[in-house]
Amino acid sequence: MTWDEMAPLLWEAAGQTAQMVGWSTLFTVLFGLPLGVALVVFDRGGLLPLPALKAVLGVVVNVGRSLPFIVLMIAIIPFTRLVVGTTLGTAAVVVPLTVGAVPFFARLVEAALREVGADVVQAAQAMGASRTTIVGKVLLPEALPGLVAGLTVTVVALIGYSAMAGTVGGGGLGDLAVRYGYQRFETLLMIVTVVVLVVIVQLIQSLGDVVARRLARK
Amino acid sequence: MIKVSGLRKLYGDTVALDGVDLHVREGEIHGVLGRSGAGKSTLLRCVNLLERPTEGTVTVAGQELTALPGRELNLARRRIGMIHQHFALLSSRTVAGNVAFPLEVMGVPRAERRRRVAELLDLVGLGGRGGDHPHQLSGGQKQRVGIARALAGDPAVLLSDEATSALDPATTRSILDLLKRLNAELGLTILLITHEMNVVKSVCDSVAIMAAGRVEESGRIADLIRTPGSRLTKEIFPLPDPAPPGSVTLTFTGDPQRPLVSEVARKFDVEISILGGSVEELPGGSAGRLRVAVSGETGPALAYLRERGLLVEVAS
Ligand SMILES: Nc1ncnc2c1ncn2[C@@H]1O[C@H](COP(=O)(O)OP(=O)(O)O)[C@@H](O)[C@H]1O
Ligand SMILES: [Mg+2]
């Protein structure tokens, strides 16, 4: 296979990966951030202690985290069909990717929020700030470097998951590597795909590190 | 201004506060002195209800905080400033942003906020540093930001939890001077807790001494010093304890220049030898404590000193 033959394939696959990862990152943040906040706020000694609720959320998150992604993807096929009407294509892959990444990201959010000093939260309480204000103006901004670091790890994990998910019809770089490299013995294309993946992951990690470092003014 | 009655606080089986009464008068600087674990922080955090007391009431500026529901408590807290040992500044905000935070909480409009922040930073001697981030400041400057922030709501009362304990002596001095100035210029009532006698000696009008969740003694420093057996006196003026049998300990407030000892030696047929003593400059004037051995016409000599307003304690 020549470069001219590979380029369009790579280009298309990269676009699919970007779509899958982009959308699932968006939905992961949308659901995972509030879930992570809930894990901290409802905890014993949190802003609104509801230990029973926190325990339930904790179990749900742990179940989500302990399922291998490939199992999760198959197990939630009915749910995927319910949400997007199909189990094939990029949109259908976004559902299991999101479901798989939300518990992961929520734990990272929880860890980042726990890094915020108790004294800062208490200072805000002493000023008469409401719980919503404390979450919005103290916890989240103070934890921002940690949240960015957590998001970076999540995006990288999503790229990995998306390679797996792609084989079920979502396309993308992982799928390309498997279809051409493994099934058609196009070793060169497989190597190029892997290199592209490595470069993308490197770029995202470095970008995340730079942003997190610039935000962390300690 | 602050009235605390019958305060008890339990953490499981730990009794952090065991029936504390405290009265802080308007415009005074009131210290709470005690060792680590005495319950000082718990007491302070009960005053603005960061901790809910197990029993007892807290009244600040005529409002019984222990009786208020959550929303009204939040409103009341805006009139109570607080500063912290480790400053508790938001690292995600600039100095100005930190001072603006309580104003945002109160819903003060942006333009007004900016004006107030500049005013407050000037007040604490940080004019022009508004754009810096907390990590660019020294400890003393961070505490000044903390103080500016605490004053944003124009509070009647300032609570200070070991505000100088993380600072070096010179910086401690400058922060204490600032607190004293705010007390004098704004009429701010200050309740400060500390484990350092030095802090009490240099700024407090009154003090409560705490140990094991109880107040052991409290009152104006000038009054406590004249109280026989006062713990405060013993700690301010360290002398061997117990006093040697027969020795006399004289405690005096006011002008230390008065030549009372030579006066007594001249008027009465006594021999006086000095065993130890010291004089301290306190906010209410100077005070001293002298331990002497007296022989001869002891009775009338001591009676004369008592008449002059000295506290005379004879060790048996
Ligand atoms: N949140 C808490 N949970 C359990 N015990 C506590 C808590 N806060 C304070 N205590 C206990 O209460 C006692 C008084 O503590 P504290 O008020 O911090 O003392 P101080 O400020 O005088 O050092 C200590 O025995 C401490 O261990
Ligand atoms: Mg303490």
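The table below lists the values:
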read-out: Verdict on residue A:78 being open to solvent by 60 Å² or more (accessible area, probe 1.4 Å) and modelled with pLDDT under 95; value: yes
read-out: Count of residues meeting criterion [more than 12 Å from chain A (Cβ to nearest Cβ) and at pLDDT 95 or above] in the range B:141-157; value: 6
read-out: Test: residue in the range B:280-290 that is farther than 22 Å from residue B:203 by Cα and of a type in the set (Asp, Glu); value: no
read-out: Those residues of the range B:216-275 which are among the hydroxyl-bearing types (Ser, Thr, Tyr) and within 31 Å of the chain's Cα centre (by Cα), in sequence order; value: B:218, B:227, B:230, B:233, B:249, B:251, B:253
read-out: Residue among B:120, B:137 that alone is hydrophobic (A, V, I, L, M, F, W, C), more than 21 Å from residue B:74 (Cα to Cα) and surrounded by 21 or more Cβ atoms within 10 Å (Cβ to Cβ); value: B:120
read-out: Cβ-Cβ under 9 Å pairs, at least 6 apart or on other chains, the range A:50-65 side under 17 Å from residue A:28 (Cα atoms) and modelled with pLDDT under 95, far side open to solvent by less than 70 Å² (accessible area, probe 1.4 Å) and among the β-branched types (Val, Ile, Thr); value: A:61/A:102; A:64/A:99; A:64/A:102
read-out: Any chance residue B:262 is without any contact (Cβ under 8 Å) to a residue 60 or more places away in the chain and touching a Leu at 6+ places or on another chain (Cβ under 7 Å); value: no
read-out: Count - residues of the range B:56-74 that are aliphatic (A, V, I, L, M), within 16 Å of ligand 1 (Cβ to nearest atom) and surrounded by fewer than 19 Cβ atoms within 10 Å (Cβ to Cβ); value: 0
read-out: Per-region count, the range B:143-172, residues closer than 30 Å to residue B:109 by Cβ, more than 16 Å from the chain's Cα centre (by Cα) and surrounded by fewer than 23 Cβ atoms within 10 Å (Cβ to Cβ); value: 5
read-out: Test: residue B:42 is under 30 Å from residue B:220 (Cβ atoms), within 16 Å of ligand 2 (Cβ to nearest atom), touching a Leu at 6+ places or on another chain (Cβ under 9 Å) and hydroxyl-bearing (Ser, Thr, Tyr); value: yes
read-out: Yes/no for residue B:126 being of a type outside the set (Lys, Arg) and surrounded by 19 or more Cβ atoms within 10 Å (Cβ to Cβ); value: yes
read-out: Those residues of the range B:175-195 which are in contact (Cβ under 8 Å) with a residue 12 or more places away in the chain and loosely packed, with under 15 Cβ neighbours inside 10 Å, in sequence order; value: B:187
read-out: From the options B:111, B:118, B:96, B:156, residue that is away from ligand 2 (no atom under 16 Å from the Cβ), closer than 30 Å to residue B:37 by Cα and in the same structural domain as residue B:51 (by TED's automatic domain parsing); value: B:156
read-out: Selection from the range B:23-45 of residues that are part of a loop (DSSP other than H, G, I, E, B) and more than 13 Å from ligand 1 (Cβ to nearest atom); value: B:25, B:26, B:27, B:28
read-out: Flag for residue B:238 being open to solvent by 30 Å² or more (accessible area, probe 1.4 Å), more than 30 Å from residue B:19 (Cβ to Cβ) and away from ligand 1 (no atom under 16 Å from the Cβ); value: no
read-out: Residue within the range B:215-232 that is among the hydrophobic types (A, V, I, L, M, F, W, C), at pLDDT 90 or above and in contact with an Asp or Glu (Cβ under 6 Å, 6 or more places away or on another chain) present; value: no
read-out: Selected residue (criterion: nearest to ligand 1 (Cβ to nearest atom)) from residues of the range B:10-22 that are more than 19 Å from the chain's Cα centre (by Cα) and in contact (Cβ under 8 Å) with a residue 60 or more places away in the chain; value: B:16
read-out: Some residue of the range A:167-180 being over 25 Å from residue A:24 (Cβ atoms) and surrounded by fewer than 22 Cβ atoms within 10 Å (Cβ to Cβ); value: no
read-out: Complete set of residues in the range B:61-82 that are in contact with a helix residue (DSSP H, G or I) (Cβ under 7 Å, 6 or more places away or on another chain), more than 9 Å from chain A (Cβ to nearest Cβ) and not polar (S, T, N, Q); value: B:65, B:68
read-out: Residue satisfying condition, being out of contact with any Cys (no Cβ under 7 Å at 6 or more places or on another chain) and under 20 Å from residue B:174 (Cβ atoms), within set B:197, B:210; value: B:197
read-out: Given (1) touching a Lys or Arg at 6+ places or on another chain (Cβ under 9 Å); (2) without any contact (Cβ under 8 Å) to a residue 40 or more places away in the chain, index of the condition residue A:103 fails; value: (2)
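Residue-by-condition table, conditions (1) farther than 30 Å from residue A:113 by Cα; (2) open to solvent by less than 10 Å² (accessible area, probe 1.4 Å); (3) facing another protein chain (nearest Cβ under 8 Å):
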site: B:29; (1), (2), (3): yes, yes, no
site: B:41; (1), (2), (3): no, no, no
site: B:54; (1), (2), (3): no, no, no
site: B:91; (1), (2), (3): no, no, yes
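Table: residues versus (1) touching a Leu at 6+ places or on another chain (Cβ under 7 Å); (2) over 20 Å from residue B:151 (Cα atoms); (3) away from ligand 2 (no atom under 16 Å from the Cβ).
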{"site": "B:1", "(1), (2), (3)": "no, no, yes"}
{"site": "B:33", "(1), (2), (3)": "no, yes, no"}
{"site": "B:49", "(1), (2), (3)": "yes, no, yes"}
{"site": "B:80", "(1), (2), (3)": "yes, no, yes"}
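The values are calculated or read from the model by the stated rules, or taken from the named source; none is laboratory data. A quick note: this is a predicted structure, and the numbers were derived from the prediction, not measured. In this analysis, Cβ positions are derived from the backbone assuming ideal geometry, glycine residues included, and neighbour counts consider all displayed protein chains. Just so you know, the surface numbers come from the protein's heavy atoms only, side chains and all, with ligands and any DNA or RNA stripped out. Shrake-Rupley method; radii C 1.70, N 1.55, O 1.52, S 1.80 Å.
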